[in-house]
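Peer 1: I'd like to ask some things about the structure below.
The values are calculated or read from the model by the stated rules, or taken from the named source; none is laboratory data. Just so you know, these numbers come straight off a predicted model, no measurement behind them. For neighbour counting, all protein chains shown are included, and Cβ atoms are generated from backbone atoms with ideal geometry for every residue, glycine included. The area values use the complete protein model at the heavy-atom level, side chains included, leaving out ligands, DNA and RNA. Shrake-Rupley method; radii C 1.70, N 1.55, O 1.52, S 1.80 Å.
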Amino acid sequence: MIYLVCFSVALLLLMYIMTYGRIIDYNLMLLIVVAAVSNGGYYALSVSRTLPEAILANTISYVLGIFSPMLVFFIVCGVCKIQLPNPVIAIMTFVQILIYASVCTTGRLDIFYKTVQLHLSDSGSYLTKTYGPMHTVYLISLAFYTLAGIVVAIYSIKRRTAVSRINVDILLFVDFFSISVYVNERMVKTPIELMPIASTITLVIMMIPLVKVAIFSPYNNVEIVDTEFNNKGYLVFSKQLKFMGCSEYAKVIFPEVAEWELEKTVPANGGRFNMYLNPDFMEFVKDDSSEDKSPVRVYKSNDNVYSYEIGKIYRGSSLKGYYIRVIDVTDFNVEDFRLLKEVN
């Protein structure tokens, strides 16, 4: 019954992602699909009555153990802003497919399992196996992706201006939690498989940073997305006024932004942001009756003139945060600037 619950939860998470309005992370969507299929396999195994049925169900359940470590690693790299080359991703995927193909030979070849026996019990059917050489390869791949994810996360802790420490801590917890559950399952024989439960819990936990990244990303946020980022600076803040990210051009306009830590409050001393924008930003936030966007305003820094607009970020009807859009209007003439105000 617990496997059916895990299967249902995974399907609900998949439906949530699909109706979110945009894909949060396609690797997360694939991970949820893998978890749902695998949980279905675990349930089918628990109700199997013949060996062929049990082998087929076991094969289906293995999509979790083989593909989820790789997908979790890809998600960790995405959150930590580390870009893997496409050929590397292709090779990793190909290797995992080969391992899964060896699982599919169970009952015909002895490369993954040498022997398989079905046992029926009151708590459900289960298999006892002796392992072949490809099972060792599977364990090596599992260890590789787990350690690689931990290394990437620990490395990213030092890059607090590029990666949120809170997000990294969540991903590290997921890795260590998965390891502890797997080791416990291997050392202590339990009447039920623990990995389906663990994978469902980790899916829910991993959605926390990924949903947050999607909401506050200046590049895919429906409230502030623009076709032109080269001459516009975007700064994004949470409802609690913590800095959540910015576009690259914002760092050109406000050099101090490169030193700000993600998910931390803005330093109160110095910088162009505090001098030119922060007073109006604080006033906009404190004004409960304010519109969703502020009027377009202008300030001059050195020989450049900038216009800026402050707005709110919503998820449905719920206020999630704020954005500031800054445009260099130094080369605009009076008529251009009048049209800019009308458009914004």
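Peer 1: So is Leu98 over 25 Å from Ile201 (Cα atoms), at pLDDT 90 or above, among the aliphatic types (A, V, I, L, M) and under 17 Å from the mean Cα position of the chain (by Cα) or not?
Peer 2: In short, no.
Peer 1: Somewhere in the stretch 158-167, is a residue assigned to a helix (DSSP H, G or I), at pLDDT 80 or above, in contact with an Asp or Glu (Cβ under 7 Å, 6 or more places away or on another chain) and β-branched (Val, Ile, Thr)?
Peer 2: There is at least one residue in the stretch 158-167 that is assigned to a helix (DSSP H, G or I), at pLDDT 80 or above, in contact with an Asp or Glu (Cβ under 7 Å, 6 or more places away or on another chain) and β-branched (Val, Ile, Thr).
Peer 1: If you go through the stretch 47-65 one residue at a time, how many are among the hydroxyl-bearing types (Ser, Thr, Tyr) and in a helix (DSSP H, G or I)?
Peer 2: Filtering the stretch 47-65 for residues among the hydroxyl-bearing types (Ser, Thr, Tyr) gives 48, 50, 59, 61-62.
Okay, now just the ones that are also in a helix (DSSP H, G or I), so 59, 61-62.
Residues that pass the stated criteria total 3.
Peer 1: Within the stretch 296-318, track down each residue that is free of Cβ contacts under 8 Å to residues at least 24 places away in the same chain and not in a strand (DSSP E or B). Spell out the reasoning first.
Peer 2: Keep residues of the stretch 296-318 that are free of Cβ contacts under 8 Å to residues at least 24 places away in the same chain, which gives 297, 299-300, 302, 316-318.
Across the stretch 296-318, the qualifying residues are Asn302, Gly316, Ser317.
Peer 1: Within the bounds of the stretch 66-81, is there any residue that is surrounded by fewer than 13 Cβ atoms within 10 Å (Cβ to Cβ) and out of contact with any Phe, Trp or Tyr (no Cβ under 8 Å at 6 or more places or on another chain)? Before you say what the answer is, go through the steps one by one.
Peer 2: Initial filter on the stretch 66-81 (surrounded by fewer than 13 Cβ atoms within 10 Å (Cβ to Cβ)): 81.
If we keep only those that are out of contact with any Phe, Trp or Tyr (no Cβ under 8 Å at 6 or more places or on another chain) too, we end up with 81.
Within the stretch 66-81, one or more residues are surrounded by fewer than 13 Cβ atoms within 10 Å (Cβ to Cβ) and out of contact with any Phe, Trp or Tyr (no Cβ under 8 Å at 6 or more places or on another chain).
Peer 1: Go through the stretch 24-60 and give me each residue that's open to solvent by less than 50 Å² (accessible area, probe 1.4 Å), in contact (Cβ under 8 Å) with a residue 60 or more places away in the chain and among the β-branched types (Val, Ile, Thr).
Peer 2: Initial filter on the stretch 24-60 (open to solvent by less than 50 Å² (accessible area, probe 1.4 Å)): 24-25, 27-29, 31-32, 34-36, 38-42, 44-46, 48, 54-55, 57-59.
In the following step, the residues that additionally are in contact (Cβ under 8 Å) with a residue 60 or more places away in the chain were identified as 24-25, 28, 31-32, 35, 38-39, 42, 45-46, 48, 54-55, 58.
Result: Ile24, Ile32, Ile55.
Peer 1: Which one of these is open to solvent by 10 Å² or more (accessible area, probe 1.4 Å), of a type in the set (A, V, I, L, M) and closer than 30 Å to Asp122 by Cα: Val63, Val88?
Peer 2: Working: Val88 fails: closer than 30 Å to Asp122 by Cα.
Only one candidate passes the filter, namely Val63.
Peer 1: Restricting to the stretch 262-280, name every residue that is open to solvent by 70 Å² or more (accessible area, probe 1.4 Å) and outside any helix (DSSP H, G or I). I'd like the intermediate steps shown before the answer.
Peer 2: If we filter the stretch 262-280 for residues that are open to solvent by 70 Å² or more (accessible area, probe 1.4 Å), which is where we start, we get 264-265, 268-269, 272, 275, 279.
Result: Lys264, Thr265, Ala268, Asn269.
Peer 1: Continuing with this model, one more query. Can you name the residue in the stretch 281-306 that is over 21 Å from Val257 (Cα atoms), at pLDDT below 85 and of a type in the set (Gly, Ala, Ser) and is also least open to solvent (accessible area, probe 1.4 Å) among such residues?
Peer 2: Out of the qualifying residues, it is Ser290.
Peer 1: Additional query: Taking the stretch 1-23 as the search range and keeping residues that are more than 21 Å from Phe67 (Cβ to Cβ) and outside any helix (DSSP H, G or I), which one is most open to solvent (accessible area, probe 1.4 Å)?
Peer 2: Top of the filtered list is Met1.
Peer 1: Kindly list, by first and then second residue, each pair from a residue in the stretch 79-97 that is free of Cβ contacts under 8 Å to residues at least 12 places away in the same chain to a residue that is surrounded by 10 or more Cβ atoms within 10 Å (Cβ to Cβ), limited to pairs with Cβ atoms under 8 Å and residues at least 6 apart or on different chains.
Peer 2: Gln83/Cys77; Leu84/Phe74; Leu84/Cys77
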